[in-house]
Amino acid sequence: MKKGIIDRIEEDVAVVELENKIINIPLSKLPKEINTGDVIQFLEDNTIVIDDQATNERRERIKKLMNELFEES
C-alpha cells in the first residue's frame, strides 16, 4: 500500500511527500480532519485514509529527536 506524508496545506490542496516525489491532492479527496504531518494511505479502492498509528509513531520520533537536539548540556 502506498503511503505519503502531508507536507503542508495550501488553499484547497494538500502538498504530499511520496517516496520519490511531491504531489498535490485536492482537499476534497482527503479526510476532513487531515493535518500537516499526517501519514496517509492510498487504498486499493482509490480512497485515502489517515494512518493514525504511523502518524503517531512519526510524531513521537520527531518529538524525541527535537528533545535530544535542544537538550541542555
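The values are calculated or read from the model by the stated rules, or taken from the named source; none is laboratory data. On a predicted model such as this, the values are computed, not experimentally measured, just so you know. Cβ atoms come from the backbone with ideal geometry, glycine included; neighbour counts cover every protein chain shown.
Here is the figure for segment 28-47: residues that are over 12 Å from Ile5 (Cα atoms) and among the hydrophobic types (A, V, I, L, M, F, W, C) total 2. Among the residues of segment 48-66, just one is within 16 Å of Lys2 (Cα to Cα), charged (D, E, K, R) and surrounded by fewer than 14 Cβ atoms within 10 Å (Cβ to Cβ), namely Asp52. No other residue among Ile34, Ile9, Ile25, Ile40 is surrounded by 11 or more Cβ atoms within 10 Å (Cβ to Cβ) and either without any contact (Cβ under 8 Å) to a residue 24 or more places away in the chain or acidic (Asp, Glu) (or both) apart from Ile25.
Let's see how each residue does on (1) touching a helix residue (DSSP H, G or I) at 6+ places or on another chain (Cβ under 8 Å); (2) acidic (Asp, Glu); (3) modelled with pLDDT under 95:
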{"residue": "Val16", "(1), (2), (3)": "no, no, no"}
{"residue": "Asn20", "(1), (2), (3)": "no, no, yes"}
{"residue": "Asn24", "(1), (2), (3)": "no, no, no"}
{"residue": "Leu30", "(1), (2), (3)": "no, no, no"}
{"residue": "Gly37", "(1), (2), (3)": "yes, no, no"}
{"residue": "Arg58", "(1), (2), (3)": "no, no, yes"}
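Residue count for segment 32-59 satisfying the condition of being more than 16 Å from Val15 (Cβ to Cβ), β-branched (Val, Ile, Thr) and part of a loop (DSSP other than H, G, I, E, B): 1.
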